Amino acid sequence: MTECVVNNEACTGAQQPARAAEGRFDVAVIGAGVVGCAVARRFALAGARVVLIEKGADLLSGASKANSAILHTGFDAPPDSLEHALVQAGREEYLQIAGELNLPLVQTGALVCAWDAPQADKLAAIEAQGRRNGVQRLRMLDPKEARHAMPHLSDRLVQALEVVDEHVIDPWSAPLAYLTQAVALGAVFLRHAELVRGEFDGTAWHLQTAAGRVEARSVVNAAGLFGDLVDERLGLGRSFQIRPRKGQFVVLDKAASRYVPRIVLPVPTEITKGIVVCPTAFGNVLVGPTAEEQEDRDRATVEQATLEMLLRKAAEIVPALAAIPVTAVYAGLRPATEDKAYRVFVRAEQRAITLGGIRSTGLSAALGLARHALHLHAGFDGIGRAAPAVPMVRMPNLAECRPRDWQAPDHGEIVCHCELVTRREIVAALNSPVPPGDFGGLRRRTRAGMGRCQGFYCNARLADMTQDLWPVPLAVKAAEAAR
Amino acid sequence: MSALHDVIVVGGGPSGVAAAVELRRRGVKDVVLLDRESELGGATRHCSHSPFGMQEFHRVYLGASYGRRLQQEALAAGVDVRTSHSVVRLGDDGELLVSSPQGVSSLRGRRIVTSTGARETPRSARLVSGDRPLGILTTGALQSYVAFHGLMPFRRPLIVGSELVSLSALLTCVSHGARPVAMVEADARATAKAPLTWLPTVLGIPFHRSTEIVDIRGRQRVESVTVRRAGVLREIECDGILFTGRFTPEASLHMLSDLGVAAGSGAPLVDQYGRLQNPLYFAAGNVLRAVETGGWAFREGRAVGSAVADDLARQAPARQPVQVRFDAPLKLVVPGIIRSGDRMSAHAFRHFQLRMTRAAAGRLTLLLDGLPAWRQSGRWLPERRILVPIPTGAPEARQISFVFEENT
C-alpha cells in the first residue's frame, strides 16, 4: 500500500521523454548535482526554457551527495582565483535567498587548529590570506581562548585561528530548492537520461540521451565526475581529465554535538583541506574527509581501517568523542582534475559552457558558478525572453535549529524515531514537485533512515510506503521472493 | 507546569508493562505507560517464531499476540496506556518532552522508569568495508518486513552472526521464501548454545566459523561479499546481508540527556533497586544489558516496579552510590552501582549480571573492600549470562570490584 498519490511518472522514472522533451529548449544543463541545479535555476530565472539532464534516478546522485555541508567564507581559497570569486559570490547569494527558500543557516564559526609548532607557524599566513580574500572576522586565539570557545578541544592545542562567519547548511535541501524553483518556472528534469552523444548543427544542439532525444540551443556541462567524458561526447574534445578523489566520512551520534559546537579545521596541506570535525545541521558530528585518488568514477567504498583512523583522529581533536557511537559511514568522490583550479571553458561558436573540476567548494560556489555561467552565455547570446516573476518556494525544514514537523500537531505518527521524521513529511516528499527517484533521494529529503538504528525500526515501513514507486524497489512481496 | 503523575514508564515491551502492572498492584494511583509504536509489545511484536509468556502467563504466545496480551494486562490493571507517544527528551527533574499525534507536550512523574529495550548493531557501526547498496539489514528490520508488511528485502542473503537471534533470522528467511547462501561467524565458536547451532546444517545452509566479511560489493543492491577465513579470501554471491545480533541498549534518550550511559555497556548504570545515578529515574529490561529473553525482562520489570513502589512510599534520600569496578574481559556488570542503607526494602536485583567480551578461562573474584566475597573458577563464553549473588555486605562496602585472573 503506497501513499504516493501524484506525479507517478517522476516517481517511477517511467517517463515519456518524447513528450517531456518536446520542442527546442534554450539551455540543456547536463548533470543534476548542486552546480547543475543552481545553473538550471539561474537560467530559468533569466527566462530561459531549461532542460536538466541527469543520468541517475535523482538529483545529487554523484559527487554532490557526499560533502561536509560547510558554507565556506573562502578564507583559504587561492587568492585572486576564479574559485575564490565564485565561492564568495555563491556564499553571498545563498545568504540573501536562504530566508525566502526556508533553508537553514547555522553559524557555527570555525577554528583552524594548530597541533604543533610548524602548524602554528602557518596560521599567520592563513590569516593574512584570509584578509586578502576579503574575510575580515578572523581572530588568532591562544589555547585558553580557544578552549573557552570550545571547551572540549584537546589540550594539545597550540594555537587556533577563529573564522567567525563559517556556517553549516543543509546540503541536500539547498540544491533541491534550486531545482524546485527551476521546475516551478517550467524547467524540465529528465532522469535516467545519460548523455550518449551530442551534435551541434551550427545553431543548436541535438542530444541523444538514454531517455530519448533533446534539442537545445546551448549546453552547459555540469557533469561532475563525468565532466571530461561529457565534453568528449559533445564533440568538444578533452580539455581536462577527471581524477576522482575519494573522501570517507564517519557520522557520529547526536550525543556528540554538545562537544562540537564549531567546525574544527586542520591546517591544510598541498593536497587537501584535511580532516575536519564539524557539527551538522541535523545535530550530528561529521569526521572527514580523507583524500584518496582512484580510477573508478562510480564506486566510493568505505574501508574499515580508514574509518578507524577517522575515529582515532576525532578523539585526538576532541577526546570526549572516543565514547560516542558511530551512526553512519559514507564515502564520496570529488571531481578533481590534474589542476587544482576550477576548469571552466566556454566555446562561444558552439554555444557550450563547461563547468568542470568543481571539487571541495562546489556547495558554496554553486550559485556563483550559475551566475558566472549566465554571464559567459551572455558573451555569445542573450536569453531573448523576459525574466519571469520569481516563484515562491519554501523548503520543509530538516535542521535542528528550527521547529520541525514532529513538534506540530496532526503529523500522523513518527515513522523514523531516530531522526524524528513524521509520516506527513514522508508523504509530502513523495508528492513534492521534484519527488525522490530512489531510497537515497527519500532519505535526503526527509532524514528518514539516516539515524543511529540505520533502519532497524523504520526500514520496513519505508519500504512499504515506497513500494511500486521506483525501478529499484527496497523489497518485493514475500510470495514473489519464494519464486 | 505540567501535570504530575506518580510514575511514568517509558517503553511498553515486557519489562515496561510488567513494571507498570506491578506498580498498580502495589496501589500506586497514577501510572502512565508510554510507547512510541501504535501497539505494545516492543521487540516481541515482530518475533513471529519466538514463544513468549510461558512463565508470566503460563501459556505460549507467538509474536504479536504476546503484545496484545501485555496490553490487556496493562489496561486491566488500570495503567494509563498511551501508544504513539514518543518521548523525545528526559529532563533531570523528571519532566519528559513527548511527541504524539496531538502535538508536543510535557509530562512529569515523581518517578520515571525507562524500559526502552535494545536494538542490533547495524553495518555502519560495525565499520564493515565496501559499497553501501540496498539489501543490508538487521534481523529486526527483516522481521518487521515480514511480520507487518508481507515483504521480503532479499532472496539469497548472507547471514552474519550466530547468536540466538541469528537462528531466528534463519528461520524467518527460510519460512518466507528466502534461501540464505551461508551463515558466517567471526569467532571460532558459535555464540548460541548447541544443539541450536545445528539448525543451519539441518537446513542445508553452510555455516562458516572463524570467517569475517572484508568487503561488500553491489551497485544498487548487494551483489556479492568477500569473506576471509585463515587468511584466505573467498567471494560469496548474495543479494542481501543480514547483520544479526550484537545488541546495544536503546539508551539514546539517556545519552542525549544528563543521565548518561556507561562506556562499556552503552547502558544507564543502575543500583540494586534499578535506580539510576539520578534517583528520580529507574530502568529495567534490555536497556540495561543486551539481551535477555522476554520472560527475563518481564520479571526484571516487575521487580523494579516493586522497588519503585517502595521508593515512593519511603521517600528516603538516595545516598551516593559506589561504582562497581571490573576488569576486562568483563564487558558489563548490572547493577553497576550499589547504594548503601535501607535494608527494609527488597532489592530488585538479587544478583550481579555479568557478561564477557570473549571466551575466557580463569578465576573470577568479587572483592568488597579488598576482601574476596565470592569466587569462582571456570570457563566463560561471550554473551552468556553470569550470575553472582549480591552479598549482604555489598551495600555497606566502600569499594566493590570484580577481578579476573586469566589462566595462562
Within the stretch A:209-243, residues closer than 19 Å to A:Val39 by Cβ and of a type in the set (S, T, N, Q) come out as A:Thr209, A:Ser218, A:Asn221, A:Ser239
Only unsatisfied item for A:Ala305, checking (1) within 24 Å of A:Arg258 (Cβ to Cβ); (2) in a helix (DSSP H, G or I), is (1)
Examine the stretch B:230-251 for a residue that is among the acidic types (Asp, Glu), under 17 Å from B:Phe282 (Cα atoms) and open to solvent by 20 Å² or more (accessible area, probe 1.4 Å), and state whether such a residue exists. no
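Condition check ((1) out of contact with any Asp or Glu (no Cβ under 8 Å at 6 or more places or on another chain); (2) more than 19 Å from B:Met255 (Cβ to Cβ)) across all residues:
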position: B:Leu276; (1), (2): yes, no
position: B:Tyr281; (1), (2): yes, no
position: B:Asn286; (1), (2): no, no
position: B:Val291; (1), (2): yes, no
position: B:Gly295; (1), (2): no, yes
position: B:Glu300; (1), (2): no, yes
position: B:Asp310; (1), (2): yes, yes
In the stretch B:183-205, is there at least one residue being at pLDDT 95 or above, within 14 Å of another protein chain (Cβ to nearest Cβ) and open to solvent by 10 Å² or more (accessible area, probe 1.4 Å)? yes
Pairs, please: C-beta under 9 Å, at least 6 apart or cross-chain, first residue within 12 Å of another protein chain (Cβ to nearest Cβ) and in the stretch B:101-123, second surrounded by fewer than 17 Cβ atoms within 10 Å (Cβ to Cβ) and among the polar types (S, T, N, Q)? B:Gly103/A:Gln407; B:Val104/A:Gln407; B:Ser105/B:Ser2
Could you pull out the residue among A:Gly224, A:Gly235, A:Gly198 that is closer than 20 Å to A:Arg371 by Cα and not aromatic (Phe, Trp, Tyr)? A:Gly224
State whether one or more residues within the stretch B:51-58 are open to solvent by less than 20 Å² (accessible area, probe 1.4 Å) and among the acidic types (Asp, Glu). no
Just for the stretch A:332-351: of the residues that are hydrophobic (A, V, I, L, M, F, W, C) and away from every other protein chain (no Cβ under 14 Å), which one is nearest to A:Lys65 (Cα to Cα)? A:Ala336
Helices (runs of 4 or more DSSP H) wholly inside the stretch A:431-483 containing at least 1 residues that are touching a residue at least 12 places away in the same chain (Cβ under 8 Å) and hydrophobic (A, V, I, L, M, F, W, C): A:439-446, A:459-465
Take the residues in the stretch B:316-371 that are of a type in the set (Gly, Ala, Ser) and touching a residue at least 60 places away in the same chain (Cβ under 8 Å); name whichever of them is surrounded by the fewest Cβ atoms within 10 Å (Cβ to Cβ). B:Ala328
Could you count how many residues in the stretch A:263-300 are within 14 Å of chain B (Cβ to nearest Cβ), of a type in the set (S, T, N, Q) and buried (at least 16 other Cβ atoms within 10 Å of the Cβ)? 2
Between B:Arg302, B:Arg289, which is part of a loop (DSSP other than H, G, I, E, B), on the phi < 0 side of the Ramachandran plot, more than 14 Å from every other protein chain (Cβ to nearest Cβ) and basic (Lys, Arg)? B:Arg289
Just checking, does the stretch A:464-472 include any residue being buried (at least 23 other Cβ atoms within 10 Å of the Cβ), under 28 Å from A:Val250 (Cα atoms) and facing another protein chain (nearest Cβ under 9 Å)? no
Which of the residues spanning the stretch A:301-331 are more than 11 Å from chain B (Cβ to nearest Cβ), in contact (Cβ under 8 Å) with a residue 12 or more places away in the chain and either open to solvent by 40 Å² or more (accessible area, probe 1.4 Å) or under 17 Å from A:Ala66 (Cα atoms) (or both)? A:Lys313, A:Glu316, A:Pro319
Can you pull out every residue in the stretch A:202-216 that is within 16 Å of A:Glu232 (Cα to Cα) and either part of a loop (DSSP other than H, G, I, E, B) or in contact (Cβ under 8 Å) with a residue 12 or more places away in the chain (or both)? A:Trp205, A:Leu207, A:Gln208, A:Thr209
Suppose the filter is over 20 Å from B:Thr44 (Cα atoms), crowded, with 24+ Cβ neighbours inside 10 Å and either at pLDDT below 95 or not aliphatic (A, V, I, L, M) (or both); does B:Pro153 pass it? yes
What tally of residues in the stretch B:119-161 results from selecting those that are among the basic types (Lys, Arg) and under 10 Å from B:Phe243 (Cα atoms)? 2
Return the residues of the stretch B:127-150 that are more than 7 Å from chain A (Cβ to nearest Cβ), part of a helix (DSSP H, G or I) and crowded, with 24+ Cβ neighbours inside 10 Å; say none if nothing qualifies. B:Thr139, B:Leu142, B:Gln143
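A quick yes/no check of all residues on (1) among the aromatic types (Phe, Trp, Tyr); (2) in a strand (DSSP E or B); (3) within 14 Å of chain A (Cβ to nearest Cβ); (4) buried (at least 17 other Cβ atoms within 10 Å of the Cβ):
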| site | (1), (2), (3), (4) |
| --- | --- |
| B:Ala20 | no, no, no, yes |
| B:Arg45 | no, no, yes, yes |
| B:Val81 | no, yes, no, yes |
| B:Val98 | no, yes, yes, yes |
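Give A:Arg423, A:Arg452 a once-over and let me know the one that is within 14 Å of another protein chain (Cβ to nearest Cβ), basic (Lys, Arg) and surrounded by 21 or more Cβ atoms within 10 Å (Cβ to Cβ).
Details: A:Arg423 fails: surrounded by 21 or more Cβ atoms within 10 Å (Cβ to Cβ).
Only one candidate qualifies: A:Arg452.
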Suppose we filter B:Gly103, B:Gly94 for residues that are open to solvent by less than 60 Å² (accessible area, probe 1.4 Å) and modelled with pLDDT of 95 or more; which single one remains? B:Gly94
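When you scan the stretch B:345-408 for strands (runs of 3 or more DSSP E) that lie fully inside it, which ones turn up with 2 or more residues that are of a type in the set (S, T, N, Q), modelled with pLDDT of 95 or more and over 24 Å from B:Ala18 (Cβ atoms)?
Fully inside the stretch B:345-408 and qualifying: B:371-380.
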So, in the stretch A:32-58, exactly how many residues are among the small types (Gly, Ala, Ser), open to solvent by less than 10 Å² (accessible area, probe 1.4 Å) and under 21 Å from A:Gly357 (Cβ atoms)? 4
Verdict on A:Ala146 being buried (at least 22 other Cβ atoms within 10 Å of the Cβ) and within 30 Å of A:Ala63 (Cβ to Cβ): no
Within the stretch A:388-406, which residues are open to solvent by 70 Å² or more (accessible area, probe 1.4 Å) and of a type outside the set (D, E, K, R)? A:Ala389, A:Val390, A:Met392, A:Pro396, A:Cys401, A:Pro403
Can you spot a residue in the stretch A:352-366 that is open to solvent by less than 20 Å² (accessible area, probe 1.4 Å), part of a strand (DSSP E or B), touching a residue at least 24 places away in the same chain (Cβ under 8 Å) and under 15 Å from A:Ile275 (Cα atoms)? no
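The values are calculated or read from the model by the stated rules, or taken from the named source; none is laboratory data. Just so it is clear, the model here is predicted, and its values are computed rather than measured. Every residue, glycine as well, gets a Cβ built from its backbone with ideal geometry; the counts of neighbours run over all protein chains shown. In case anyone asks, the SASA skips ligands and DNA or RNA and just uses the protein heavy atoms, side chains included. Shrake-Rupley method; radii C 1.70, N 1.55, O 1.52, S 1.80 Å.
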